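The block underneath contains the structure these notes are about, expressed in C-alpha cells.
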Amino acid sequence: MKSPLLSLPGAVPAEGVDEGVAAHYGDLFREQRALAAGTGFVDLSHRGVVSVSGDDRLSWLHLLLTQHVSDLPTGQATEALVLSAHGHIEHALYLVDDGTTVWAHVEPGTQGALIAYLESMKFFYRVEVADRTDEFAVVHLPAGSIAEVPEGAAVREMPYGRDLFLPRADLESFAGKSGPAAGLLAYEALRVEHHRPRLGFETDHRTIPHELGWIGTAVHLQKGCYRGQETVARVQNLGKPPRRLVFLHLDGSEVHLPPAGTDIRLADEGPDGRKIGFVTTSVRHHELGPVALALVKRNVPPDARLVVDTTAAAQEVVVEP
C-alpha cells in the first residue's frame, strides 16, 4: 500500500518489507535529530492494523498472547508475541485497548497470517477480529512531541513516543499540521540505539523471546497457559538461550554498512575463524556513527574483539550472557 506522503518534497521510497513509505526526505541526520528532539513524525502507514472487539476480547487474547492482558487498563500500551508450539516467535503485536476495541499494529504483510490464527481460535468467545489496514494508518510521534492528536484516534503511549491509529483519509491533513516528516531510516536508527528488536529483522525461524530481551516487555512470566509457554518457562528456569542480542559499535572509517546477515567472527581468530553470529540491522546514527544490532552465540565474551566481515566492532551487552 503506497503512502500519499511519498509525494512530500524530497521523499525517497523505502525498499523491501518497508516498501510503501519514505526511507527519508533528503536529510537522514536532520530527520534523526528532529525525532530525538521530539519534533516531527514518522509515517508507518505500511504496517498492518488489526482490531479485536467484543466483550471477551481481553480475556480471549490473554489465552493466546505472551502478555498479561486480561486486565489491561484502557489506554495503556503494551506489546505481545504469538509463539509456535516450540516457543519460536511467529508474530509481534503492538497494542492498546480503547475501552471497546483492542487496536494492534504488526509487521507489514503479516496481518493476514495473524488473523487466520486468531480466527481459528475464536470458538465460543464473543470477539470479532478484523483487518483494518485499508482503513487505518499508523503514525509515530517521538517522545516530547507537542503535536495535536486528532480526537478519537487510538493512541499507544510509550517512553519513546506515541503511535497513533489514524483514518487513512486523514493522513495527509495530519502531516500538514505535524511536520517535519522523518523517514523510516531515522526511526530505525533510533530503534537500534534503544535496542528494540523487530520481527523479521532480529528474528529468524528459531528465535525465542529470551534471545532478544523480550522477557518482561512482551512476555509475562506469571500468567496462564499459552502456546509455547513450556519453552519459555524451561529456558527461564533451567537454562540459557543459545544466542543473545548485542549492540555493535562499528569502525567508522568504513564507507559501507554491513548488510543484515553479515557474518561476525572473533577478531583474534582472523578472517577464517568460526562464525559466532550475524548482523540483524545496521544503521548510521547521527551521534554514534555506524552501529548495529546483532545476534551472537551466548558464550561469546562481552569484551571480545569482533569483526563484521572486514569491519572491526565492539559489542555492548543487551541480553546478559
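The values are calculated or read from the model by the stated rules, or taken from the named source; none is laboratory data. The structure displayed is predicted, hence computed values, not measured ones. Quick reminder, even Gly has a Cβ in these numbers, built from the backbone with ideal geometry, and neighbours come from all protein chains shown. These area figures cover heavy atoms from the full protein model, side chains too; ligands, DNA and RNA do not enter into them. Shrake-Rupley method; radii C 1.70, N 1.55, O 1.52, S 1.80 Å.
State which residue is farthest from V283 (Cα to Cα) when the search covers only region 197-221 and only residues that are out of contact with any helix residue (DSSP H, G or I) (no Cβ under 9 Å at 6 or more places or on another chain) and free of Cβ contacts under 8 Å to residues at least 40 places away in the same chain.
Only one residue fits best here, namely G216.
So, in region 158-176, exactly how many residues are closer than 16 Å to R191 by Cα and either hydroxyl-bearing (S, T, Y) or part of a strand (DSSP E or B) (or both)?
Within region 158-176, residues that are closer than 16 Å to R191 by Cα and either hydroxyl-bearing (S, T, Y) or part of a strand (DSSP E or B) (or both) number 5.
Output the number of the condition that P9 fails; it satisfies all remaining conditions of (1) open to solvent by 30 Å² or more (accessible area, probe 1.4 Å); (2) touching a residue at least 40 places away in the same chain (Cβ under 8 Å).
(2)
Table: residues versus (1) touching a Leu at 6+ places or on another chain (Cβ under 6 Å); (2) exposed (fewer than 15 other Cβ atoms within 10 Å of the Cβ); (3) at pLDDT below 95; (4) within 20 Å of L95 (Cα to Cα).
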site: E193; (1), (2), (3), (4): no, no, no, no
site: A218; (1), (2), (3), (4): yes, no, no, yes
site: G224; (1), (2), (3), (4): no, yes, yes, yes
site: K240; (1), (2), (3), (4): no, no, yes, no
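Consider only pairs whose beta carbons are under 8 Å apart and that are at least six residues apart or on different chains; among these, list those whose first residue lies in region 261-278 and is of a type outside the set (K, R) and whose second residue is open to solvent by less than 30 Å² (accessible area, probe 1.4 Å) and part of a loop (DSSP other than H, G, I, E, B).
Taking only residues 6 or more apart or on different chains, the pairs are L266/G273; L266/V300; L266/A304; A267/A304; D268/A304; I276/V300; G277/V300; F278/T262.
Which of the numbered conditions does I89 fail, given that it passes all the others? Conditions: (1) farther than 19 Å from V149 by Cα; (2) surrounded by fewer than 20 Cβ atoms within 10 Å (Cβ to Cβ).
Against the list (1) farther than 19 Å from V149 by Cα; (2) surrounded by fewer than 20 Cβ atoms within 10 Å (Cβ to Cβ), I89 comes up short only on (2).
How many residues does region 282-317 hold that are of a type in the set (V, I, T), farther than 12 Å from V246 by Cβ and touching a residue at least 60 places away in the same chain (Cβ under 8 Å)?
Final tally of qualifying residues: 2.
So which residues in region 13-36 are in a loop (DSSP other than H, G, I, E, B), under 20 Å from the mean Cα position of the chain (by Cα) and surrounded by 16 or more Cβ atoms within 10 Å (Cβ to Cβ)?
Of everything in region 13-36, those that are in a loop (DSSP other than H, G, I, E, B), under 20 Å from the mean Cα position of the chain (by Cα) and surrounded by 16 or more Cβ atoms within 10 Å (Cβ to Cβ) turn out to be A14, G20, V21.
Any idea how many residues of region 230-260 are in contact (Cβ under 8 Å) with a residue 40 or more places away in the chain, out of contact with any Gly (no Cβ under 8 Å at 6 or more places or on another chain) and polar (S, T, N, Q)?
0
Within region 37-57, how many residues are surrounded by fewer than 20 Cβ atoms within 10 Å (Cβ to Cβ) and among the charged types (D, E, K, R)?
Final tally of qualifying residues: 2.
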